[in-house]
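The structure under discussion appears below in the form of structure tokens.
Each value in this text was obtained by applying a stated rule to the coordinates, not by laboratory testing. Quick caveat: nothing in here was measured; it's all calculated off a predicted structure. We place every Cβ from the backbone using ideal geometry, glycine too, and count neighbours over all the protein chains shown.
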Amino acid sequence: MAATIIDGKAVSKKIRQQLTEDVARFISETRITPGLAVVLVGDDPASHTYVRSKEKSTVKAGMYSEVYRLAATTSEAELLNLVDKLNKDNKIHGILVQLPLPGHIDELKVLNAIDPRKDVDGFHPMNAGNLFIGQESFIPCTPHGIMELLADAGVSLQGKHAVVVGRSNIVGKPVAMLLLQQHATVTICHSRTADLGAITRQADVLVVAVGRPNFITGEMIKPGAVVIDVGINRVDGKLVGDVDFESAQAVAGHLTPVPGGVGPMTITMLLKNTLVAAQRCR
Ligand code: NDP
């Protein structure tokens, strides 16, 4: 039987409707409009598209948006000055510096300069550390979105074997932590994992964040498994995931498509984190 498709667009729409109501209620109760500042350095076309989409979604949710589009030649000191200014700005509750930054800027230094209380991307070491020890933190948006998709699909994680392929700080590691918090038994795989297929075939829940088109094929999937495809790859002008959709669909129990799976959830979680940041600063 073909896998049930997890519709990220529909889940995202539902959450955004609720969020818009929550934002309106928060504003009427507090007279505070949650504000998100997005900082973009350079000319990367994909980054410009993402930032435009973030700006539009923020305004649509009833929040205040500021976008800084800086030249690729912006110095690290200039960027750090802007982050410092935004840290002190009462209108701004969330700060997002769009990655990647140009090579002459130390990414970690900039992320570390963001006030952790405004770090709605959840990349500051304090938030990453809090996630690790199970304390309140801002959860990075993509892993957060994945957990919402699993919850919406009614996937119970307790006692399940979850396999995460990819160990990046923005997807693989945080999603592994979140799955662990939900009492899954978690295995993390990476480029040096031996016999990857033997491990992915044991997964009740398989999360793939590798960045290689159609990398996980049907024969690497346990029949009935829940498969979350995080990958966004451009092949011949088309977006494809890290999971080979056709062969996976015939084996998996649930499967996220690309596009329309995890992708739409990322901005939704950014908006959610911005509201939470505003609520916490009262
Ligand atoms: P990174 O490049 O930071 O990490 C990729 C990971 O995949 C690494 O841990 C790497 O292992 C592992 N890997 C690479 N090759 C193999 C292999 N042959 N076998 C097993 N593991 C391998 O990528 P990201 O985590 O940032 O992103 C992953 C994908 O998700 C990309 O396609 C990206 O575009 C997409 N993405 C989508 C988002 C969304 O909103 N839907 C948001 C963020 C990312 P090692 O550590 O050993 O090098």
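If the condition is being farther than 15 Å from His183 by Cα and in contact with a helix residue (DSSP H, G or I) (Cβ under 6 Å, 6 or more places away or on another chain), then region 150-163 contributes only Asp152.
Scanning region 62-96 for residues that are within 18 Å of Ala46 (Cα to Cα) and touching an Asp or Glu at 6+ places or on another chain (Cβ under 8 Å) returns Val67, Leu70, Ala72, Leu96.
For region 268-277, a residue qualifies if it is surrounded by fewer than 24 Cβ atoms within 10 Å (Cβ to Cβ) and away from the ligand (no atom under 16 Å from the Cβ), and the qualifying residues are Leu275, Val276, Ala277.
Of the numbered criteria (1) near the ligand (Cβ under 9 Å from one of its atoms); (2) free of Cβ contacts under 8 Å to residues at least 24 places away in the same chain, the one Asn112 fails is (1).
Report the residue count in region 145-187 for those that are basic (Lys, Arg) and within 16 Å of the ligand (Cβ to nearest atom). Result for region 145-187: 2. Taken over region 128-152, the criterion of being touching a residue at least 12 places away in the same chain (Cβ under 8 Å) and farther than 27 Å from Pro257 by Cβ is satisfied by Ala128, Leu131, Phe132, Gly134, Ser137, Phe138.
The number of residues in region 65-99 being more than 27 Å from Leu275 (Cβ to Cβ) and either assigned to a loop (DSSP other than H, G, I, E, B) or touching a Pro at 6+ places or on another chain (Cβ under 6 Å) (or both) comes to 5.
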